[in-house]
1. Too long at a 32 Å Cα-Cα cut-off: which of A:K165/A:K325; A:K172/A:K246; A:K70/A:K234; A:K242/B:K35?
2. Can you tell me which of B:P121, B:P214, B:P240 moves the most in a GNM of chain B? Springs connect C-alpha atoms under 10 Å apart.
3. With the cut-off at 1.5 for a/c, could you classify segment A:202-301 from its C-alpha gyration tensor as rounded, prolate or oblate?
4. Roughly how tilted is helix B:187-211, in degrees to the nearest 10 and between 0 and 90, from the longest Cα axis of chain B?
5. Restricting to DSSP loop positions (anything but H, G, I, E, B) with no more than 16 other Cβ atoms inside 10 Å of their own Cβ, which trypsin sites (Lys or Arg not before Pro) remain in segment A:167-270?
6. Expressed as a fraction of 2.2 N^0.38 Å, the rule-of-thumb size for a compact globular protein of N residues, what is the C-alpha radius of gyration of segment B:4-304?
7. If you take the square roots of the eigenvalues of the alpha-carbon gyration tensor of the protein assembly as shown and sort them as a ≥ b ≥ c, do you get rounded (a/c under 1.5), prolate (a/b over b/c) or oblate?
8. Towards the positive end of the charge dipole of segment A:25-152, with charges on Cβ (+1 Lys, Arg; -1 Asp, Glu), say which of A:A115, A:A59, A:A84 has the farthest Cα.
Amino acid sequence: MASVEFTRRTLLRSSAAGAAGLAFGFGGVRRALAGDLTIGIVYVGARDDFGWNQAHAVAMDALKQVAGVKVVEEENVPETDACAKTMESMINLDGAGLILATSFGYYTPFVVDVAKKYPKVEFRHAAPLWNKDKDPKNAGSYFGYLNQAHYIDGVAAGLCTKSNKIGFVAAKPIASVLSNINSVLLGARKTNPNATVQVIFTGDWSLPVREAEAANALVDAGCDVVTCHVDGPKVVIETAEKRGVKTCGHNASQAPLAPKGFITGAEYKWETIYKQYAAELGKGQPLPNMLAGGYEGDMVRNTPFGAGASDEAKKAALAAIEDLKAKKPIYVGPLKDNKTGKIVIDKAYDNLDPYLDQMDYLLEGVIGSIT
Amino acid sequence: MNTPLAIVLIAMLGGAIRVSTPFMFVAVGECLTEKSGRINLGLEGTLVLGAMVAYAGSYRTGSPWLGVLLAGLAGSCLGAMHGVICKLPRVNDVAVGIAMMLFGTGVAFFFGKPYIQPTAPRLVSIPLGAWSDNADLGSALNVNPLFFVGVLAALALGWALRNTRWGLIVRTVGDSAAAARAIGISVDLVRFLTTTAGGFLAGIGGAFLSLSYPGSWNQGLSSGQGLMAVALVIFARWSPERCVLAALLFGGAGAIGPALQSIGVTQGYYFFNAAPYILTLGIMVATSSAKRSARDIPGELAMAK
């Protein structure tokens, strides 16, 4: 029974692929023609979640304005076989020439396997997981150094805090989260040498009740600016606003959620990357397998200032943005970790230095522990 | 007043009040359902649907209390569906409950999409802590009226189950369907009504999630609280009053993790985040008694057979 079903499925699949091939001609030819590019994007949650998915969706909306580009989207696709099915249907039914897989867990095995199966279609995944030795050449990775935008949050927050305590609600102690926390600290220390960052880890990406509890606990502990790195920052920002403290956002714009206390927020600017992909495919050029950057590459940005930002903070933040565009380093040693006092940053590191991608410590000045 | 211990205690008090309410509503509703001998595992779905309907209702009508009522009605619909399906022959209520859970969350996600972005009017809390100079205590004692509604509902239900004819009928149906039939009670009708009423309460619990705390609608809002509340009914040994205590304990313990990190006890936060479960387990072990649980469990429940 199982083998019959397997055969039937494979047959269906390959005939669908064949039909698509007949209908559209070869992928390479199709891609070379202007006005005939379909880009498929797969989201793990809702497009308008005030967070990670919204940041991508905003970029896709910008991409829809580009002539000759058609966008197909699918939301709420779990990190399971469903992701592979979605990608295949985008290729076979919609004729997608580029697939953007936006959730971490999509990559192995789903993106890798589907990329091997459809060598004429390009696949790009939003996390630095592509391995040039092992993974197919039509796959690749892109991501933004959001910590640079969080650094700007810190610069502004340092001048907006009166208690010198900035609260940070974090999901899990992985490198990208730790880098955001440390960058907020370094930004704040730049404008306010007495600033500290207090972290509460919730333990998972989306736990709204615990995130609200964490935000409340930070305010109880005296923090008067709160920011976060969780999947949907909505709850943290709203809870902090209700408690009357200031906020910095994460991933997408949360400015409408905090009309009184919003300072600024760290946002991805995926449209830079997506428009580059569209332009290169339109010209028939090969796509880069690895594309990543921060302010210097116009791949992150900060939310326009809200009512919580003082004029002084705005000025300092704008100046710091210019510094980042000029590739001025954020991590300048010697800096110690907050646990053992060991020097972990011994010199000035370039903002894109791979050494920083392996961060597994919190810097001195952060109150919190990764275990 | 700002010693670390005070901060943790205030956080636990605030957490107990803020976090317990949805647990309380779902657990009390499930308690009634289980008392009649049926188990409805679908309340997680009811909770999520209630949260969505309440938020949408409040946004559309401008009245959060109307949203609460609509959430209750949506919950009753799911409860009634469960009740009707379980009436059919050879249907397992646990399996139907799981199906209803997926159905409820699915419906809520489908219709809830347009309501993630807009801001709806929320329920206003009563500032019971206004007498205190301590701002944190004041904020911890901002109590939502639904909290009191939940406590009153639990007390009323507990009293009614013990002292009224209706209560006797529900308990009879729950303990022995054969005996209930022998005296002319329609077992299916009673269970249908208790499941519907249980769904109503769970829907209101959902309304608290979206309209009070955390106070917004998004898809990850419940993250399993409905299922935990069903488990709390067993922990509370099928007493509505004990359900309230269990919910308070669970809420207060849940605040330990974030509160300890906020005062600088940062090591081992995974362990402290597990506090509610460890505490629950500890109390269960400490108070367990084979005889007593055999006495409290409704005889018709699938797990008792």
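1. Table pairs above 32 Å Cα-Cα are A:K242/B:K35.
2. The residue that fluctuates most here is B:P214.
3. Prolate, since a/c reaches 1.5 and a/b exceeds b/c.
4. Roughly 10 degrees between the two axes.
5. A:K260
6. 1.00
7. Working: a/c = 2.20, a/b = 1.30, b/c = 1.70.
Verdict is oblate for the protein assembly as shown.
8. The Cα lying farthest towards the positive end belongs to A:A115.
Rule-based calculations on the coordinates, nothing more; no lab input. Given the structure is predicted, the values throughout are model-derived calculations rather than measurements. As a convention, Cβ positions derive from the backbone with ideal geometry for all residues, glycine included, and neighbour counts pool all protein chains shown.
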